[in-house]
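*Asks:* Sharing a structure here in structure tokens format.
The values are calculated or read from the model by the stated rules, or taken from the named source; none is laboratory data. Quantities reported herein were computed from a predicted structural model and do not represent experimental measurements. Note: ideal-geometry Cβ built from the backbone for every residue, glycine included; neighbour counts use all protein chains shown.
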Amino acid sequence: MRYRSIELALFELELAGIISDLDPGVKRIDQYGLLAMAFKRSAGDNAFELLRRYKTTSEHSYHRALQALEQIQKSRPAKPPEPQPEIPATVPTRDPAPPTQETAEEAEERVRQPLILVPNHQNPSDPDPDRVDDPQCNMK
């Protein structure tokens with residue numbers, strides 16, 4: 001991979017030379033323009049032909065790598081299906097408690113007692129437990 005470092009350094013030297021040789025009439029040139037000028041200076045008169053060859057070589061390398069990857073994927077053994085967890089046919093339940101015999105007096109006493117319902121989610125300091133303070137929630 002040293003050749004890439006050398007190539008980068010050579011282009012940076014070319015760019016430095018181009019920047020110092022720029023015509024004062026050139027008001028603005030972007031990085032791609034500078035890079036194209038450096039490539040043209042290093043390639044000479046056949047810059048387009050050289051660029052076309054570089055592009056063709058890189059496309060061929062890409063397609064060879066893609067074909068190799070597809071071949072490897074085809075030759076890979078298929079994964080066995082993941083085992084599904086067994087679901088019991090019947091859900092085990094507890095036997096209900098045997099019914100107790102309630103006397104008439106006990107039943108009458110149970111009916112006379114007041115039924116008190118207290119929600120367990122209510123905060124005593126919050127006067128309205130159904131209020132939603134979330135600004136992203138539209139339920140108010």
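Per-residue answers, yes or no, for (1) surrounded by 10 or more Cβ atoms within 10 Å (Cβ to Cβ); (2) of a type in the set (S, T, N, Q); (3) on the phi > 0 side of the Ramachandran plot:
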| residue | (1), (2), (3) |
| --- | --- |
| TYR3 | no, no, no |
| ALA16 | yes, no, no |
| VAL26 | no, no, no |
| GLN67 | yes, yes, no |
| SER75 | no, yes, no |
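*Asks:* Can you tell which of ALA65, ALA89, ALA47 is aliphatic (A, V, I, L, M) and at pLDDT below 85?
*Replies:* From the options ALA65, ALA89, ALA47, the qualifying one is ALA89.
*Asks:* ILE116 passes all but one of (1) over 24 Å from LEU10 (Cα atoms); (2) at pLDDT 90 or above; which number fails?
*Replies:* Against the list (1) over 24 Å from LEU10 (Cα atoms); (2) at pLDDT 90 or above, ILE116 comes up short only on (2).
*Asks:* Is it true that some residue in segment 94-113 is assigned to a loop (DSSP other than H, G, I, E, B), modelled with pLDDT of 80 or more and loosely packed, with under 10 Cβ neighbours inside 10 Å?
*Replies:* Looking through segment 94-113, none of the residues is assigned to a loop (DSSP other than H, G, I, E, B), modelled with pLDDT of 80 or more and loosely packed, with under 10 Cβ neighbours inside 10 Å.
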